[in-house]
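Heads up, the thing below is written out as structure tokens.
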Amino acid sequence: MAEAVALGGGLRVVGRPVARHDARDKVLAATAYAADWAMPGMLHAAVLRSPYPSARIVRLDVSRARAMPGVAAVLTAKDVPCNTLATDVPGQTTAVGPLRATLHVLAEERVRYQGEALALVAAETRELAEEAVEAIAVEYEPLPGVFDPAAALEPDAPRVHASGNLLAHWRLARGDAAAALARADLVVEGEYTTQVVDPAPLEPEAGVAWIDADGVVTIRVCTQVIEHFRDVAEVLQLPQSRVRIIAPYLGGGFGGKEDVTVELYLGLLALRTGRPVKMVWTRQESLLARAKRHPFRMRYRTGARRTGELVAQEIELLADAGAYAYLSALVLLYATVTAAGPYRVPDVRVEARVAYTNNPPTSAMRGFGAMQTVFAYESQMDRVARALGLDPVEVRCVNALRPGDRLPVGQPIETHVALPELARQAWAALGPPTPPRAPHLRVGRGLACNFQPYGRIVWLHDWSSAWVGFEMDGSLVVRCGVPDVGGGQASALCQIAAEVLGVPLERVTVHIGDSALTPLAGTTTATRQLFMSGNAVLRAARELRARLVGVAAGMLGVDAAQLDVVDGAVVTPDGRTLPLPDVLRQCARAGVPRGHLAVYHAPAGEPVDLAQGAGRVFPDFTYGAHAAEVEVDTETGALRVLKYVAAHDVGRAINPRSVEGQIQGGAVQGLGSALMEEVVLEQGVNLTTSFAAYLIPGPADVPDVEPLVLESGEGLGPFGARGIGEPPIGPPAAAIANALADATGARVTRLPLTPERVARALGRLDAGG
């Protein structure tokens, strides 16, 4: 459980909707993002990318580009010290074998997807770098490709890699699902398809690299992972101590900046030229080359009793990895573990596969596999309820997990499950139904619940570190290697430290995201930073508080347990105050350190055999329920969301304003996936490489999202907090699909829910995609 902190007078900073410390600079456009950085003598970089999804490289001639005036370097695979970046996932094996993610920095003999990089250019201007890219002569021999994951698993399919097209295969089993389904009063079968989605952050991939005075390759880059310095060192064949990653504030990531993007290219070019090098991807390049969200095909057979209790689930999952492994096996693992939903299901069988294709690589994106399965299991829950004539809200409440239950994988549920409260509150918050405005318009309502892990897989033995210390004037410094992706990660750390140490928030300074100068904190992914780095800051602040209060107790002649720290001063029960600067001067005289470095280790465990259903996979889970009201035009299939409520148990809202923003932002992003977002691929060729073609929701496309924040206090994070970064993106698609079915009786099982698909489901168009 969360570590308790004894504080006189209750919480003073934590739980307050304070302004984030970086808000003013961002509003005034004073925040320097990665693309804003410039250095004297800086070169500009560009990338040559393949127009083909599958081809052999017959000839790659860079001589003309290298001879151009103003071109400082042109690199191909032959110029990369280590062109293959391989990452092992420790201790875990699927039915295919050990997990290993392999990536070619630059294509050498063949290209496997459209947009794969072949060469790098550094030149005096960006325009010149792009001209040099155009001057590179490439001769391709197009090769047969495979663009469908099911087709990729056929014996005669073209091989994307020599090892075969099956990347990973997870099996999960508990009980006898087939026998339980045979005994069930009702069996509902459904097949569901989610689309390829781009993270689409407004800030494209960008960075600047240089060699500092100590010979360290330094890269200032928009990334969610400053630990990429290890990957850069491997590719450059340098000691890890000679590579430094600095992450400025990000303009969004959503998982798309979890994998390496520009870091390797910048490191190679800076090392080759000895000069600073800048790379900023264009919007087209970003939408073309960045890893996407996995499309899933999901087949469900759900068994239930007449009273609505679930008895069994048989589930098949198939995902498309694209051309390289990236994080696909782990995305599939999350999907496998969460596939049965936040419900008690006695008998479960899951078969999950992910295949290589010649489509663009897919990898981490907000929700990380647990998002795709929500669309399937919540559609199934609605269909079960309606087939039995039961209330869809109450069917979810009756089946909701409870502490003491075990997931199909065998993991025990140990903290509060707020699903019944959340579902009922979200549904009630919709208020009175909206009457249809015309005879051809139908109005309906839908509910969807979800659960999402927060924290990394337990056998990765996750940890984070942070340093908290005082300056002599009583101001406070927090140092932590967390990259802030725009979710208020750094501000939350300030609030935690200020709360424990009794310092006004405006006197706290935070330094983040520097692999050389801040303690490493791990990735800003997996809904983990508040949980992990928040606990590290909490531990450091608690130790420092105890140390300072001990010194103050000696100065005041009272028991340390009687003292509090408020507004920068130590306070006695009888009202005497001792300013922190006085305490800090005494610390200096006595040799008592004014700072503390703390490390927080997440709950850990050993790898589990999913097929045996007997082990822990994640530290804990967080729960949500979304309710939607929609209006459907039965003549055109157009769908409009009228009301939307998103309820989540956040454990403790460190900053309620930030929490509500995360819930609203995640829900809107989920509505984008539900209604419009889709990377359209035609035989591996991306047809959506602009925001004119790849549609993301604007203010006119979505309603005001009403966030409902429940604080159970039972999370594993500081002060009982749970993570909230990823969970809100999961329920929207199912909530909207369920509302559509409520309004019209038609169920659409393929995302996004475009007017064309809705019209087909209503019989207004011929059957088709």
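Explain nothing, just the number: dipole magnitude of region 600-750 about its Cα centre with +1 on each Lys and Arg Cβ and -1 on each Asp and Glu Cβ, in debye rounded to the nearest 20.
Values: 8 positive and 19 negative charges, 45 e Å.
Value, rounded to 20: 220 debye.
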Positive end of the dipole of the chain, charges at C-beta (+1 Lys, Arg; -1 Asp, Glu), about the Cα centre: which of Ile136, Leu675, Ala737 has its Cα farthest in that direction? Ala737
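Quick one: which of 435-441, 183-189, 261-267 comes out on top by average Cβ neighbours within 10 Å, and what's the full order, highest first?
Values: 435-441: 10.6, 183-189: 15.7, 261-267: 27.1.
Ranked from most to least packed, the peptides come out as 261-267, 183-189, 435-441.
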Neighbourhood charge, 11 Å Cβ-Cβ cut-off, centred on Gly267 and excluding it, Lys, Arg +1 and Asp, Glu -1: 0
So what's the gap between the Cα centers of region 691-762 and region 264-335, to the nearest angstrom? 19
What is the sum of charges, Lys and Arg at +1 and Asp and Glu at -1, for the other residues whose Cβ falls under 14 Å from the Cβ of Ile57? 0
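Take every Cα pair under 8 Å in region 155-313 that's 6+ residues apart, average their separations, divide by the length, and report that relative contact order as a whole percent. Walk me through the numbers on the way to the answer.
Numbers: 258 pairs, mean separation 55.7, N = 159.
Answer for region 155-313 is 35 percent.
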Integer Hz, Karplus 6.51/-1.76/1.60 couplings in order for region 215-228, x for Gly and Pro: x, 8, 6, 10, 10, 9, 8, 6, 8, 8, 9, 6, 5, 4
Sequence neighbours fewer than 8 away in the same chain don't count; with that in mind, list the lysines whose C-alpha is under 30 Å from Lys257. Lys26, Lys78, Lys278, Lys292
Which peptide among 518-526, 445-453, 280-288 comes first, and what is the full order, when sorted by highest mean count of other Cβ atoms within 10 Å? 445-453, 518-526, 280-288
Burial order of peptide ranges 100-112, 659-671 (average beta-carbon count within 10 Å, highest first): 659-671, 100-112
Once the dipole of the chain is set up with Lys and Arg at +1 and Asp and Glu at -1 on Cβ about the Cα centre, which of Phe451, Ala628, Pro248 lies farthest towards its positive end? Phe451
Which aspartates and glutamates does Lys643 reach when only Cα atoms under 18 Å apart count, and residues fewer than 8 places away in its own chain are ignored? Glu629, Glu631, Asp633, Glu660, Asp701, Asp704, Glu706, Asp742
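Placing +1 at every Lys and Arg Cβ and -1 at every Asp and Glu Cβ, with all other atoms neutral, what dipole size does the chain have around its Cα centre, in debye to the nearest 20? All intermediate terms of the calculation are to be shown ahead of the outcome.
Values: 72 positive and 83 negative charges, 123 e Å.
With Lys and Arg at +1 and Asp and Glu at -1, about 600 debye.
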Could you tell me how far the Cα centroid of region 37-87 sits from the Cα centroid of region 398-451, in Å? 51
Within the under-12-Å Cβ sphere about Thr338, not counting Thr338, Lys/Arg +1 and Asp/Glu -1 give a net charge of -2
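Taken together, the values in this text are just the output of simple stated rules run on the coordinates, not laboratory data. None of these values were measured; they are calculated from a predicted model. So basically every Cβ, Gly included, is an ideal-geometry build from the backbone, and we count neighbours across all protein chains shown.
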